[in-house]
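Since the structure comes first, as structure tokens, the remarks are kept for the end.
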Amino acid sequence: MTQFITKLAEISRLDQAERMRLENVAIKYAFRSNEYYLSLIDWNDPDDPIRRLILPHPGELEEWGRLDPSDEKAYTRIAGLEHKYNSTVLLLVSNVCGGICRFCFRKRVFLDGSRGSEVLRDLDAALDYIRQHTEVTNVLLTGGDPLMLTTEKLDRMISELRRIEHVRIIRIGSKMPAFNPHRIIDDPALLEMINRHTLPDRKIYVMTHFNHPRELTAAAISGCNLLGRAGALLANQTPMIRGVNDRPEVLAELFRKLSFVGVPPYYVFQCRPAVANKAYAVPIEEGYQIFERAKALVSGLAKRARFVMSHATGKIEIIGLAHDRVYFKYHRAANDGDSGRFLAYQRNGDAFWFDDYEETVRDYPVTEPYRLHGPE
């Protein structure tokens, strides 16, 4: 059983001076890790990317961002159930993670006083909601981390969802393959449960959260392979994080390694402007250029990722830069009528979020007919 580490004093590789410096951050924003994940850190490198992912950083105390940057509250129908996109329901099934990412956009779930108030408490009510909404074909289990639940609890939840005819895909969003692959390796009941609920026309997807290529250890790859053999389909999503994967060659190596082990890149997210995230965020236009240079270094399935923002109004894809323009498209909009809408804005190199662009140069409605240039 993995022992969790929640106090910086438990990390012998931190000297007292550094520990004292970081304690002020950990008091405000919770720290959590385990021996396996800490073993990936090169303690001789003060800029080690794994260290940056998991250990508190003084930059977190800079006042910046919001507790709910994507306005999830507006789409919450009952506690722990969000219904933002027509065909997808999101269930926050846990308020615990195997480790707490320093760039987490749901820090509010871990803050003192939250007491899991946003986490699903009434599974039966959530199931009733989904049954009544026959447009829902996808259910995403997230949190926190669903794999922090016991396999027995997960089995009950997935069993009930499998009884709802119109739910065709169940997704499990988890960083446990990176944080603690032994959660998978050492639990044959988890693999049996996934196999039992994977049907020819109803799949289980595991959405992994590998942020840096060094997280893809032999143990992590073994965990992913076991999930695949059990019948799960895997894909990876990661935010772009300053000092972690914000160099084209590093992001390309992540894409490449993921594709080699059968976990194709799915999304690269713009780091959400959550509280304390300024130290980890990369401006949108810089991020787009990093993303495109990384894609140019890889081929095939390694090129599948899209660069997107999970904005309050929808999932907005960053699709291009010109001399004085930046181009966006609603990959999926909360208002279905806006899905596919194309937007052009004046460039702003200091923009970290969609809201930082003030002047719309052109808004191309989805319904506008496409016409080739040339003679009428």
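For this structure, a couple of remarks:
- With both labels modelled 7 Å from their Cα along Cα-to-Cβ, the ASP363 to THR134 distance reads 3.4 nm.
- The stretch between GLU192 and LYS153, if pulled fully straight at 0.36 nm per residue, gains 12.6 nm over its current Cα-Cα span.
- Net charge over other residues, Cβ less than 9 angstrom from the Cβ of ARG51 (K, R count +1; D, E count -1): -3
- Net charge, TYR267 excluded, C-beta distance under 9 Å - Lys, Arg +1, Asp, Glu -1: +2
- Fewest-first sequence of LEU199, LEU191 by Cβ atoms within 10 Å of each Cβ: LEU199, LEU191
- For segment 1-93, the set of GluC sites (Glu not before Pro) satisfying both a DSSP loop assignment and a count of at most 14 other C-beta atoms within 10 Å is given as GLU62, GLU63.
- Sequentially through segment 202-212, phi angles give Karplus couplings (6.51, -1.76, 1.60; θ = phi - 60°) of 9, 9, 10, 10, 10, 8, 7, 10, 8, 9, 9 Hz, Gly and Pro residues having no value and appearing as x.
- PHE307 long-range amide H proximity, modeled H, under 5 Å: VAL268, ILE318
- Summarising the amide proton neighbourhood of ARG66: residues at separation of 5 or more, or on other chains, whose placed amide H is nearer than 5 Å comprise ALA274, VAL275.
- Reach of LYS315 by Cα under 27 Å, taken over lysines that are not fewer than 8 positions away in the same chain: LYS73, LYS84, LYS107, LYS175, LYS203, LYS257, LYS278, LYS295, LYS303, LYS329
- Global geometry of segment 4-61, whether rounded, prolate or oblate, following the gyration tensor of its Cα atoms and the 1.5 cut on a/c: rounded
Every read-out reported here was derived from the displayed coordinates using simple, explicitly stated rules and does not represent laboratory data. On a predicted model such as this, the values are computed, not experimentally measured, just so you know. Cβ coordinates were reconstructed from backbone atoms using ideal geometry, including for glycine residues, and neighbour counts include every protein chain displayed.
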